[in-house]
Amino acid sequence: MLEALREELRLTALEMMKTGLAHDGEGNVSVRDWETGYIVVTPSGIPYEQRRTQDMVVMDVDGNVVWGERKPSWETPMHTYIFKHNPKVGAVMHTHSYYAMLMSIAGVDLPPTTMNIAATFGGPVPCCPYVRTGSAEAGRVALEMMGETGKAVLLGNHGTLAIGPDLPTVLRISKTVEEGAKLHYQAACMGVQPRPLPPDEVKWLYDLIQSFNEKAKAEEKAKVAARSHL
Ligand SMILES: [Zn+2]
């Protein structure tokens, strides 16, 4: 069942590990199949390199396993809460990446100090209060802190959570948070308070990238329509 999606999830999780966003078996990823409504989630307790396509677990949005013999990630309730309460979300990624983890321990928001953070989030990446790991409550608090248009949060004392329409997007968002946190931390090590971009520049950058994305989507749609008329 959903073999292609399970393989895409396995490869995304492997990339998460290879790019330093997750270590050992830590971190987890999930993706929604738009046709069936099922969620595919990474398994619990298997190192990234040893996972096979058949180790990915298919479940319904309430967390009931419908395919697979492995135990789904311990943090599945956080994922399913998000899929259930935000119908636009197609993928969820949770990492324990080092610098984002540092900021989540400090309990501070990641401000838009880099152009990448500003362009991606249009403001700070908020830091949630600590919520017990493995709970649906962690998903509820994350969604509340993100607001309508949010894409990521720092989970209090626990790393990152990114949401998006698909797996490549949540991987890119998670990398952006980690890179921003690393630069922010290293700037702070210079003994100064890192300086966020001015709010009007943050908005300008965010709107600019949104318009590029909209244009790219429209061009892709036009290409698909043109191909279907051939
Ligand atoms: Zn975790």
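The values are calculated or read from the model by the stated rules, or taken from the named source; none is laboratory data. This is a predicted model, so every value here is computed, not measured. Backbone-built Cβ (ideal geometry, glycine too); neighbour counts: all protein chains shown.
Some observations on this one:
- Annotation: of all residues in segment 33-42 being surrounded by fewer than 23 Cβ atoms within 10 Å (Cβ to Cβ) and not aromatic (Phe, Trp, Tyr), the one that is farthest from Met78 (Cα to Cα) is Glu35.
- Criterion violated by Tyr206 - all others in (1) in the same structural domain as Lys84 (by TED's automatic domain parsing); (2) in a helix (DSSP H, G or I); (3) within 27 Å of Glu15 (Cβ to Cβ) satisfied: (1)
- In segment 2-27, the residues that are on the phi < 0 side of the Ramachandran plot form Cβ pairs under 8 Å with partners that are surrounded by fewer than 22 Cβ atoms within 10 Å (Cβ to Cβ) and of a type in the set (S, T, N, Q), at six or more places apart or across chains, as follows: Glu3/Thr53; Arg6/Thr53; Arg6/Gln54; Glu7/Thr53; Arg10/Thr53; Gly25/Ser44.
- The condition of being within 14 Å of the ligand (Cβ to nearest atom), over 19 Å from Pro168 (Cα atoms) and among the aliphatic types (A, V, I, L, M) holds for only one of Met16, Met78, that being Met78.
- Verdict on Arg70 being in contact with a strand residue (DSSP E or B) (Cβ under 8 Å, 6 or more places away or on another chain) and over 14 Å from Gly139 (Cβ atoms): yes
- Within the option set Thr53, Thr80, Thr12, being in contact with a helix residue (DSSP H, G or I) (Cβ under 9 Å, 6 or more places away or on another chain) and under 23 Å from Val131 (Cβ atoms) holds for one residue only, Thr80.
- Selection of first residues in segment 101-123 that are free of Cβ contacts under 8 Å to residues at least 40 places away in the same chain and of second residues that are not in a helix (DSSP H, G or I), restricted to Cβ pairs under 7 Å at least 6 apart or on distinct chains, gives the following pairs, ordered by first then second residue: Val108/Cys127.
- Condition check for Ile82: closer than 24 Å to Gly180 by Cβ and in contact with a Gly (Cβ under 6 Å, 6 or more places away or on another chain): yes
- Among (1) of a type in the set (Val, Ile, Thr); (2) outside the structural domain of Ile117 (by TED's automatic domain parsing); (3) surrounded by 12 or more Cβ atoms within 10 Å (Cβ to Cβ), the one test that Val224 misses: (3)
- With respect to the stated conditions, Arg70 is more than 15 Å from the chain's Cα centre (by Cα), without any contact (Cβ under 8 Å) to a residue 40 or more places away in the chain, surrounded by 16 or more Cβ atoms within 10 Å (Cβ to Cβ) and more than 16 Å from the ligand (Cβ to nearest atom).
- Residue in segment 32-39 that is among the hydrophobic types (A, V, I, L, M, F, W, C) and either within 16 Å of the ligand (Cβ to nearest atom) or not assigned by TED's automatic domain parsing to the domain that holds Gly147 (or both) present: no
- Segment 1-13, subset away from the ligand (no atom under 16 Å from the Cβ) and touching a Phe, Trp or Tyr at 6+ places or on another chain (Cβ under 8 Å), residue modelled with the lowest pLDDT: Met1
- Failed criterion for Arg132 (all others in (1) in contact with a Gly (Cβ under 8 Å, 6 or more places away or on another chain); (2) within 16 Å of the ligand (Cβ to nearest atom); (3) charged (D, E, K, R) hold): (1)
- Restricting attention to segment 128-142, the residues that are surrounded by 19 or more Cβ atoms within 10 Å (Cβ to Cβ) and either under 14 Å from the mean Cα position of the chain (by Cα) or touching a residue at least 60 places away in the same chain (Cβ under 8 Å) (or both) add up to 3.
- Any hit, segment 170-185, residues being within 17 Å of Ile82 (Cα to Cα), outside any loop (DSSP other than H, G, I, E, B) and within 16 Å of the ligand (Cβ to nearest atom): yes
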